[in-house]
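Report on the structure given below.
The values are calculated or read from the model by the stated rules, or taken from the named source; none is laboratory data. Computed from a prediction, not measured in an experiment: that's the story for all the values here. Cβ sites come from the backbone with ideal geometry, for glycine too, and all protein chains shown count toward neighbours. Keep in mind that these areas ignore ligands, DNA and RNA; they rest on the heavy atoms of the full protein, side chains included. Shrake-Rupley method; radii C 1.70, N 1.55, O 1.52, S 1.80 Å.
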Amino acid sequence: MSMPDFNRIWNVLVVGGGNAALCAAITARRAGASVIVAEHAPLPMRGGNSRHTRNLRALHPAPTAVLTDSYLEEEYWDDLLRVTGGKTDEGLARMCIRASQHAPDFLASCGVTFQPSLSGTLSLSRTNAFFLGGGKALLNALYRTAAQSGIEVLYDTEVQHIEAKDGFATEAIVSHHGFPERIRFRALVAAAGGFQANREWLRQYWGEAADNFQIRGTPYAQGRVLRDLLDQGVQEVGDPTQFHAVANDARAPMEDGGLAMRLDCVPFAIVVNRNVERFYDEGEDVWPKRYAIWGRLIAQQPGQVAFAVTDSQAEFDYLPSVFPPYKADSIAEVAAMAGIDGAKLERVVAEYNAAVRPGTFKPMVPDDCRTEGLTPPKSHWARRIEKPPFILHPLRTGITFTFLGLKVNERARVMMADGKPSANMFASGEIMSGNILGQGYLAGFGMTLGTVFGRIAGEEAARHARN
C-alpha cells in the first residue's frame with residue numbers, strides 16, 4: 001500500500017468510515033472534489049455501526065421492487081413524532097423524510113443490492129428496504145465505489161483534533177497507524193458517530209450503571225471528534241442521557257455483538273426486573289416502533305437486568321435467540337435457572353393471568369388481547385402464560401448510539417454556539433442524530449439519516465471547496 005501524501009491540501013476530509021461518511025465522500029467526489037477519508041478502525045473492522053445494519057426506512061408513494069404498498073410523508077412523520085415524543089426538529093425531520101425516497105436509488109448507484117421485501121416477524125416489508133447481505137455487503141459496495149472513483153481511504157487513522165478558528169477548520173491532527181500526521185483540507189465532513197463506546201463519558205450521566213451496558217456496535221465510537229468540536233464552540237444538540245438502545249440478550253458480548261444479540265420476545269412476554277416486578281407495558285405498540293425504548297427502560301432497573309417470561313404458545317412469534325432461552329415445566333424452575341425468586345414470579349404470573357381478557361391474537365398488528373385492572377397494563381398481545389414449557393430470556397441494555405451531537409442546518413452545515421453557521425464544517429450520521437432524534441428510535445432511521453445527510457454534506461463540502 002502506497003504512503004498517502006500528507007503534504008497536499010485535499011478539497012474534502014471525511015472523518016469516519018461508516019455509511020454516512022461514505023455517502024458524503026462519494027457524493028463529494030462525484031461533484032469533482034478531491035476526497036480523503038480517515039477511518040479510525042483497521043480494515044477488517046471498518047464501517048462503524050453500519051457493519052451491523054440491515055435496512056433503511058424509505059418514503060415511497062407506490063410499491064417498488066423491494067417495498068410493498070406505499071409509505072407517505074404524513075405517516076412517516078407521525079411514526080417519527082410518536083417515538084420522539086415531539087422532541088425533534090420538524091423542518092429537518094420532514095426534509096430527511098422527503099429525501100429518503102431517493103436514498104435506495106442513490107445506494108444502488110453505489111453498487112448496493114437490495115433484497116425483495118420480507119414477510120415474517122419483523123413487520124417491515126412496507127417501510128424498510130433491506131440490504132442483500134446486510135451491512136457488510138453494503139459497506140463493501142460503498143468502499144469499492146470509493147476506491148474506483150479515486151477516493152483516498154486511510155484505515156487505522158484516528159482524528160485526534162481538528163484545527164479550527166472561529167468556525168473555520170484547516171487541518172486535522174491524526175494518529176495514522178500509531179504515527180502523528182496532519183491532513184490539510186478546504187472542507188470537513190464529520191461523520192464519526194457518537195460516544196456510545198466511551199464508558200467514561202457514559203458514566204458522567206449514568207454512573208456505575210454504564211459499566212453494565214452492552215455496546216452493540218463498533219468499539220471505536222469513542223466520541224473524540226464530537227468532544228473536540230464541542231470544545232471549540234460548535235453548538236451542541238440533544239440530550240446526553242438519550243441513546244438508541246434495545247433489549248439485548250444478557251449473555252451477549254460487551255461490545256460488537258451486533259444485531260443477532262437483540263431479543264424481540266418482549267411484546268409476547270411479560271418483563272420483570274431483578275426484584276421480580278413488572279415495570280412497563282410490554283404490548284404498547286408494534287415492535288419496530290417500540291423496540292428501542294426497552295434498552296433505556298432496562299438501564300433504569302436494578303443491576304441493569306430484566307427477564308422476559310412467556311410460554312410455549314409464543315415460542316415462534318418472534319425471531320429465535322442466538323443463546324437458547326431458559327426452559328422448564330414450571331414457573332418456579334425457570335426462575336431458579338435465571339437466579340430470581342420463583343415464588344414471587346409465580347405470583348406475578350398468576351396476577352397477570354387473572355387480568356388477561358380474551359381476544360383475537362394477531363402478532364403483526366395491535367390486537368384486542370389485553371389486560372384489565374393490572375398496573376402496568378399490557379395493552380396488546382396479552383395471553384395467559386400457562387402452557388409449558390415456560391420460557392425465560394435474560395435481558396440487558398444494548399446501546400446502539402448516543403444522541404448528543406453537533407447542531408446542523410438543512411444544508412448539513414455545522415452551527416456554532418453563537419448561532420452562525422460554520423464556514424466549512426459539515427456533519428452527517430450519528431454525530432448529528434440529536435437534531436432529529438431527541439429521544440426514541442424508528443427501525444432503519446439511522447441509515448436514512450446517514451444516507452440523506454451524507455449526500456447533502458458531501459455536496460455542500462465539495463461546493464465550498466470549489467469556491
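Results for (1) of a type in the set (Phe, Trp, Tyr); (2) within 12 Å of the chain's Cα centre (by Cα); (3) buried (at least 24 other Cβ atoms within 10 Å of the Cβ); (4) not in a loop (DSSP other than H, G, I, E, B), shown as yes or no for each residue.
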residue	(1), (2), (3), (4)
410	no, no, no, no
414	no, no, yes, yes
423	no, no, no, yes
426	yes, no, yes, yes
438	no, no, no, no
449	no, yes, yes, yes
453	yes, no, yes, yes
459	no, no, no, yes
462	no, no, yes, yes
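Residue-wise test of (1) surrounded by fewer than 20 Cβ atoms within 10 Å (Cβ to Cβ); (2) modelled with pLDDT under 95; (3) closer than 15 Å to residue 338 by Cβ.
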| site | (1), (2), (3) |
| --- | --- |
| 266 | no, no, no |
| 287 | no, yes, no |
| 292 | no, yes, no |
| 303 | yes, no, yes |
| 307 | no, no, yes |
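Screening the range 230-260 for residues that are more than 21 Å from residue 300 (Cβ to Cβ), touching a Leu at 6+ places or on another chain (Cβ under 9 Å) and not hydrophobic (A, V, I, L, M, F, W, C) and picking the one that is surrounded by the most Cβ atoms within 10 Å (Cβ to Cβ) gives 235. Taking the residues in the range 44-96 that are touching a Lys or Arg at 6+ places or on another chain (Cβ under 7 Å) and of a type in the set (Lys, Arg) as candidates, determine which candidate is farthest from residue 21 (Cα to Cα). The extreme case among them is 82.
Do we find a residue being on the phi > 0 side of the Ramachandran plot and modelled with pLDDT of 95 or more anywhere in the range 6-13? Steps first, please.
Going residue by residue through the range 6-13, those that are on the phi > 0 side of the Ramachandran plot are none.
Within the range 6-13 (the criterion being on the phi > 0 side of the Ramachandran plot and modelled with pLDDT of 95 or more), the answer is no, since none of the residues qualifies.
Pairs are defined by a Cβ separation below 6 Å, a sequence spacing of at least 6 or placement on different chains, a first member in the range 148-166 that is touching a residue at least 40 places away in the same chain (Cβ under 8 Å), and a second member that is open to solvent by 30 Å² or more (accessible area, probe 1.4 Å) and among the basic types (Lys, Arg); the pairs so defined are 149/29; 151/29. Screening residue 8 on (1) in contact with a helix residue (DSSP H, G or I) (Cβ under 9 Å, 6 or more places away or on another chain); (2) in contact (Cβ under 8 Å) with a residue 24 or more places away in the chain shows it passes everything except condition (1). For the range 155-196, a residue qualifies if it is open to solvent by 10 Å² or more (accessible area, probe 1.4 Å), under 29 Å from the mean Cα position of the chain (by Cα) and of a type in the set (Ser, Thr, Tyr), and the qualifying residues are 155, 175.
A single entry from 13, 43, 22, 72 fulfils the requirement of being within 30 Å of residue 178 (Cα to Cα) and open to solvent by 40 Å² or more (accessible area, probe 1.4 Å): 43. May I ask you to verify whether residue 440 is under 30 Å from residue 254 (Cα atoms) and at pLDDT below 95? Answer is yes for this residue.
Out of curiosity, is residue 202 under 30 Å from residue 463 (Cα atoms), part of a helix (DSSP H, G or I) and at pLDDT 95 or above? Full working, then the answer.
Numbers: under 30 Å from residue 463 (Cα atoms): no; part of a helix (DSSP H, G or I): yes; at pLDDT 95 or above: yes.
For residue 202, the condition - under 30 Å from residue 463 (Cα atoms), part of a helix (DSSP H, G or I) and at pLDDT 95 or above - is not met.
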